[in-house]
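In what follows, a structure is listed as structure tokens, so that the remarks can point back to it.
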């Protein structure tokens with residue numbers, strides 16, 4: 001695939017349900033707070049300039065396969081298992097949930113009578129999105145998915161831009177938006193500790209009356225250190241994204257694809273977050289009565305209702321005809337994100353797990369086992385939806401779960417490339433310890449999210465589980481990261497160093513001179529200028545959104 005298709009495919013894979021539903025919903029309740037994550041377009045530059053050369057030289061199909069070459073076979077299948085768990089919790093379940101929200105908003109009267117049960121529009125939509133996506137994913141494979149995503153990208157960007165334009169027109173323009181909403185909703189620079197709670201538990205508290213950051217006040221400490229960990233894990237080490245770059249014929253096309261994708265990644269702030277903010281402004285001003293249920297009697301956003309901000313904007317603001325085009329883009333985003341994870345899941349399961357136990361399996365058997373494994377993961381994802389429904393918002397749920405699972409993977413990849421002394425034992429210990437810590441936090445949070453009997457009011461205040469459940473998710477993620485770094489370095493230095501032969505071409509210190517020269521020949525000054533422009537746009541956004 002050429003750089004244009006690679007970049008569009010990366011963007012379409014990323015921009016899925018969590019953005020259409022979760023990010024717009026976050027804009028409706030919190031303003032630009034979540035723009036931090038979208039302004040991590042620079043992480044794509046790290047993928048193209050730093051890691052793509054290592055991935056392409058090692059001739060791997062999957063990220064766990066790269067980890068096997070750098071560390072050990074055991075590290076490969078452990079990462080595969082962690083990745084599959086992450087896909088179920090952060091991609092499959094989220095995609096299905098968002099499909100249900102869209103259908104539930106646009107077709108609220110839709111019902112399907114199965115005889116033994118009646119499915120409402122939420123569940124009809126969820127299942128329909130899965131089935132429709134599965135058909136073309138199974139029939140066409142990775143190439144069909146990539147080229148379909150390239151077309152969907154155009155529809156998605158144009159459709160979302162129209163929502164922004166018509167919404168601003170209905171409201172009265174950008175100046176009216178700034179006048180209607182409090183300045184705090186336009187502020188990316190939040191205080192680490194708000195006034196009045198300096199000597200309390202509030203600055204790190206996840207829930208309860210003093211959960212100040214859920215009103216748009218995400219602390220800069222978490223955004224400065226935790227958010228990049230999640231971003232670099234997602235953009236640089238996740239099979240779901242990286243396999244698009246590996247679909248390029250050479251390093252040059254892969255790098256330019258990531259640069260193009262980084263430009264596209266700057267758009268969500270304006271085509272998803274801003275429409276959510278416009279939706280809230282229209283509800284507050286009463287200019288669109290159909291949106292009045294998004295705010296309470298005090299004019300505050302109702303989080304559960306705001307999750308449907310984007311489809312509500314489509315249904316109430318756009319004229320007929322244009323509405324249909326935008327709906328096509330909306331469904332395209334839902335399907336493209338699921339199609340990508342279906343393909344990535346199948347690849348991981350067949351190549352990194354099943355083929356290891358059945359090395360003589362035919363290609364036909366591998367394909368069908370991949371499909372079967374993906375179907376099972378979808379069923380598990382459906383069962384996990386009630387947990388998402390009990391969370392504090394789709395995008396908030398997504399970032400917290402990723403924050404629990406990302407640190408160990410980030411550590412083994414980036415430290416592995418930059419520090420040649422680190423070995424397989426250190427990698428394996430890091431993956432296991434980090435995964436256990438992340439799953440432990442999820443297990444602590446889940447009963448409360450589900451509202452199980454006895455957990456309606458949380459854990460007893462002051463207890464160990466109460467402390468774990470109440471630590472702000474970004475700070476808990478940083479705790480996992482620090483533990484993982486310590487484990488990785490300590491275990492590696494207490495055991496035998498890896499051989500130079502094994503590390504050849506897999507770390508900066510062991511890259512051959514001819515490989516460095518080949519990488520240098522694959523880029524020119526225009527690639528550098530284009531990359532620098534991305535960084536400039538990000539800086540401009542941070543300077544503008546200061547409240």
Taking Cα atoms, how many degrees apart are the long axis of helix 251-264 and the longest axis of the chain, rounded to 10 and kept between 0 and 90? 20
Where a ≥ b ≥ c are root eigenvalues of the Cα gyration tensor, a/c under 1.5 meaning rounded, otherwise prolate if a/b exceeds b/c and oblate otherwise, segment 425-518 counts as prolate
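How much length, in nm to one decimal, is gained on full extension between residue 463 and residue 113, taken as 0.36 nm per residue of separation minus their Cα-Cα distance?
Gain on stretching residue 463 to residue 113: 121.4 nm.
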Can you give the angle from 0 to 90° between the axis of helix 394-418 and the longest principal axis of the chain, with both taken from C-alpha atoms, to the nearest 10? 20
Do the sum for the chain: with -39,500 (n - 2.57) for every DSSP H run of n ≥ 4, divided by all residues, what is the mean residue ellipticity at 222 nm, to the nearest 500 deg cm²/dmol? -21500 deg cm²/dmol
Within segment 280-322, what residues put their amide N at less than 19 Å from the label point 7 Å along the Cα-to-Cβ vector of residue 151? none
Rounded, prolate or oblate: which fits the chain, taking a ≥ b ≥ c as square roots of the Cα gyration tensor eigenvalues, rounded meaning a/c under 1.5, else prolate when a/b beats b/c? rounded
Between residue 325 and residue 58, what length comes free when the chain is fully extended (0.36 nm per residue of separation minus the Cα-Cα distance, one decimal in nm)? 91.9 nm
Counting only C-alpha contacts under 8 Å and six or more residues apart, can you give the relative contact order of segment 1-118 as a whole percent? 26
Could you work out the relative contact order of segment 320-474, using alpha carbon pairs under 8 angstrom and six or more residues apart, expressed as a whole percent? 19
Between residue 446 and residue 298, what is the label-to-label distance in nm when each label sits 7 Å out along the Cα-to-Cβ direction? 3.4
Evaluate the relative contact order of the chain (contact order divided by residue number), counting alpha-carbon pairs under 8 angstrom at least 6 apart; express in whole percent. 30
Estimated FRET transfer efficiency (residue 287, residue 500; beta-carbon r; R0 56 Å; 0.05): 0.25
Rounded to 10°, Cα long-axis angle of helix 93-106 versus longest principal axis of the chain: 20
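Each value in this text was obtained by applying a stated rule to the coordinates, not by laboratory testing. Being a predicted model, the structure only gives us computed values, none of them experimental. FYI the Cβ positions are ideal-geometry reconstructions off the backbone, even for glycines, and counts take in every protein chain you see.
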